[in-house]
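Everything below concerns the one structure shown next.
The values are calculated or read from the model by the stated rules, or taken from the named source; none is laboratory data. Since we're looking at a predicted model, the values are computed, not measured. FYI the Cβ positions are ideal-geometry reconstructions off the backbone, even for glycines, and counts take in every protein chain you see.
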């Protein structure tokens, strides 16, 4: 008669070890554990089948790694699994048979045999209890809800950050436009981009500045004028209509009563320091003679 041990506090059902099929499988000939779990379970089933008294299709087995190259196989006929306690969440052996315990004690001394055997649970896969399935479903639902909530919070945070960035960009654009308005004033834009207008204005101002820098400083003619006035004859009754001075030329235009006084003015101007008389002209006028007397600078080294 079979003995069933149950623990209501956690619905753990334990059966005598003689109700199970046991084996320690040597898996050193199997490929590395990198293969898919379903494929590995199938290959372990082939190893276990050589020991089982009935086909592997009629039993439900679990495989627990003991150490490198060894796996503990534990199986229960499927018809006995159908008789399990309705409220059972886990089902396994109460203990292991002596030959399994002896093998574990001799070859795997570091293993806690009692705790290892108590960890066996055959209510897996197609025999997983409805309560466990419901718990997993609730857990999955909770995970989905948490992920949805996290996604929603992240989306809201990103949207708020996007709105903040847009507001900052709008404020920056407004500030830039204010700077353009201050720099360009009320000048007509003609639909031109403010940046292009500012660049055009800077180029215009730079060109104007370069043009001003290229202008030569007006020559100082005060010394030449002082020399002319110093040599101007006081006895000549000349009506001076124009004295035009530049850096390299002086043109005196005067109306004199006669040619004698015009010649006397010419001689006086020939004594101006640093200047010499160019091609002068006399022209008769209604009240005397008009004299056009050019003066040009004396070049250095000229006697």
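Numerical summary
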{"item": "Output for region 81-98, where each listed residue is modelled with pLDDT of 85 or more and in contact with a helix residue (DSSP H, G or I) (Cβ under 8 Å, 6 or more places away or on another chain)", "result": "91, 92, 93, 94, 95, 96, 97"}
{"item": "Residue in region 261-272 that is touching a strand residue (DSSP E or B) at 6+ places or on another chain (Cβ under 7 Å), in contact (Cβ under 8 Å) with a residue 40 or more places away in the chain, surrounded by 14 or more Cβ atoms within 10 Å (Cβ to Cβ) and on the phi < 0 side of the Ramachandran plot present", "result": "yes"}
{"item": "Criterion (assigned to a strand (DSSP E or B) and over 60 Å from the mean Cα position of the chain (by Cα)) met by exactly one of 289, 272", "result": "289"}
{"item": "Some residue of region 13-31 being in contact with a strand residue (DSSP E or B) (Cβ under 8 Å, 6 or more places away or on another chain), modelled with pLDDT under 80, under 18 Å from residue 127 (Cα atoms) and in the same structural domain as residue 127 (by TED's automatic domain parsing)", "result": "no"}
{"item": "Residue count, region 237-260 (criterion: more than 23 Å from residue 222 (Cα to Cα) and either in a loop (DSSP other than H, G, I, E, B) or in contact (Cβ under 8 Å) with a residue 60 or more places away in the chain (or both))", "result": "3"}
{"item": "Selected residue (only one of 127, 180 is modelled with pLDDT under 90, closer than 30 Å to residue 82 by Cα and more than 24 Å from the chain's Cα centre (by Cα))", "result": "127"}
{"item": "Among the residues listed as 133, 101, the single one being in a helix (DSSP H, G or I), exposed (fewer than 12 other Cβ atoms within 10 Å of the Cβ) and at pLDDT below 90", "result": "133"}
